[in-house]
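Visitor: One structure follows; several queries about it will come next.
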Amino acid sequence: MVRSIVLMGYMGCGKSAVGKRLAVLKSLSFIDLDEYIESQEKTTISQIFEQEGELYFRKKERFYLEKLLSKDPKAVISLGGGTPCYFNNIDFVVQKKDFLSLYLKTSPKTLAGRLFDQKDHRPMIAHLQTPEELEEFIAKHLFERVPFYIKAAHHITTDHHHVYELVNQIEKLLA
């Protein structure tokens, strides 16, 4: 029996939107790993990156991922876009008993369309000036990350699908 659902994928793929809706429908808690880290550290992810660097953040991310999953929550958990790619996190997640891992697969073009207007609020992409530059950046990044994402138990393509359609697909997997 699935106790928790872990969503992964690139920023803008719909982890939060799908996760929140799915959590309501399944009467589960919704936990965003980045928000969990921020509440535990009492600062923002951006500030951690700026003040301590990415390696420090990735170590903290692993620490809090283990802490969260060891509590064996009944929840829908949204991982940060890079979480599966560091410190063997993906293997830690997919080997957890009673946890269902899902990769929300989204094309670079769709991601660029969703993220361009939000880029000023996302430090990793704020420097990119055009939708084309953003799409190219995402495509290169996905090339590095997909080998980790595809280790998830299930892959769901989000392009051209509404949140409700995606949630229905996930519910069918859980049936």
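FYI, it's all coordinate maths here, none of it is from the lab. All values reported here derive from a predicted model rather than from experimental measurement. Reconstructed Cβ throughout: ideal geometry from the backbone, glycine too, with neighbour counts over all protein chains shown.
Visitor: Tell me the mean residue ellipticity at 222 nm calculated for the chain from its helices only (DSSP H runs of n ≥ 4, each -39500 (n - 2.57), averaged over every residue, nearest 500).
Guide: On the way: 8 runs with 90 residues, N = 175.
Estimated from H runs of four or more residues: -15500 deg cm²/dmol.
Visitor: Quick one: go through region 96-131 and flag any residue whose amide nitrogen is under 17 Å from the point 7 Å out along the Cα-to-Cβ line of HIS160.
Guide: 105-114
Visitor: Report the residue, chosen from LEU22, LEU128, LEU102, that carries the largest GNM mean-square fluctuation when the chain is represented by alpha-carbon nodes joined by springs under 10 Å.
Guide: LEU128
Visitor: Nearest 20 debye, what's the magnitude of the dipole of the chain about its Cα centre given +1 on Lys and Arg Cβ and -1 on Asp and Glu Cβ?
Guide: Details: 24 positive and 23 negative charges, 154 e Å.
Rounded to the nearest 20 debye, it is 740 debye.
Visitor: Evaluate the relative contact order of region 83-166 (contact order divided by residue number), counting alpha-carbon pairs under 8 angstrom at least 6 apart; express in whole percent.
Guide: Details: 75 pairs, mean separation 37.9, N = 84.
Value for region 83-166: 45 percent.
Visitor: Something else about it: What relative contact order, as a whole-number percentage, does region 4-174 give when Cα pairs under 8 Å and 6 or more residues apart are counted? Please report the intermediate quantities before stating the final value.
Guide: Numbers: 227 pairs, mean separation 57.4, N = 171.
Answer for region 4-174 is 34 percent.
Visitor: Further, regarding this structure: Report the normalised scattering of region 4-174 as log10 I(q)/I(0) at q = 0.09, 0.16 Å⁻¹, calculated by the Debye formula with identical scatterers on the alpha carbons.
Guide: -0.29, -0.97
Visitor: Highest mean first, what order results for 71-84, 38-51 on Cβ atoms within 10 Å? Don't skip to the end; give the middle numbers.
Guide: Details: 71-84: 21.2, 38-51: 13.6.
Answer by packing, highest mean first, reads 71-84, 38-51.
Visitor: Still on this structure: Quick one: Cα centre-to-centre distance for region 37-93 and region 8-31, in angstrom?
Guide: 17
Visitor: May I ask which residue of HIS161, ILE77, VAL2 lies farthest towards the positive end of the charge dipole of the chain, with charges of +1 (Lys, Arg) and -1 (Asp, Glu) on Cβ and the Cα centre as origin?
Guide: Most positive-ward Cα: VAL2.
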